[in-house]
Every structure is written in structure tokens, then in C-alpha cells.
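To start, the structure itself, in C-alpha cells.
Bear in mind that the values in this text are calculations on the coordinates, not laboratory data. Keep in mind that what you see is a predicted model, and the values were worked out from it rather than measured. Heads up, the Cβs are rebuilt from the backbone with ideal geometry, glycines too, and the neighbour counts pull from every protein chain shown.
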């Protein structure tokens, strides 16, 4: 399952909280998080990684970032 969290224009901790809400809904697949500050990029990355998600890619997009996380279920 793929989903997108648009947290642009929001200050911390809101982007992290939104990302964590999405992580609770998505068991595996890909989550794209859109943020517009370095701090939010770092904080959402740390939060996702601490919950078993991998940072697949970080792309500069306009004045912000597109951070892509992935997770697969390992049996």
C-alpha cells in the first residue's frame, strides 16, 4: 500500500505526529511524506526508522522535501 502525508507548512511536532498516524495505518509498502524544513525532514525520518521503516529516498522538491519510506513484512 502506498500513501502520502502532506505536512508542508506545519511545524514540529505536527509532521511527526501525522507520519506516526500513517505508520499505524500502513502495515507495509511505501509512505511518502512531504515537508518543507530540514528539521521536519530529520524528525520524520528518525520517527519512521524507530518504527522499522527504511528511508528509501529523500528528494528536494521546490522549497521542501519528499521523503519516501518503505517497509516489507519479513516472515
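Ignoring everything except DSSP H segments at least 4 long, calculate the 222 nm mean residue ellipticity for the chain; use -39,500 (n - 2.57) per segment, divide by total residues, nearest 500. Let's see the in-between values first.
Values: 2 runs with 24 residues, N = 75.
Only helices count here, giving -10000 deg cm²/dmol.
With axes computed from alpha carbons, what is the tilt in degrees of helix 38-49 against the longest principal axis of the chain, rounded to the nearest 10 within 0 to 90?
That works out to roughly 10 degrees.
If one takes the longest principal axis of the Cα atoms in the chain, at what angle in degrees, from 0 to 90 and to the nearest 10, does the Cα axis of helix 14-25 lie?
20 degrees
Once you place label points 7 Å from the Cα toward the Cβ at residue 25 and residue 3, how far apart are they in nm?
About 0.4 nm separates the two model spin labels.
Which log10 I(q)/I(0) values, to two decimals, does the chain give at q = 0.11, 0.14, 0.16, 0.20 Å⁻¹ under the Debye formula with one point per Cα?
Listed by q, the Debye log ratios stand at -0.22, -0.36, -0.47, -0.73.
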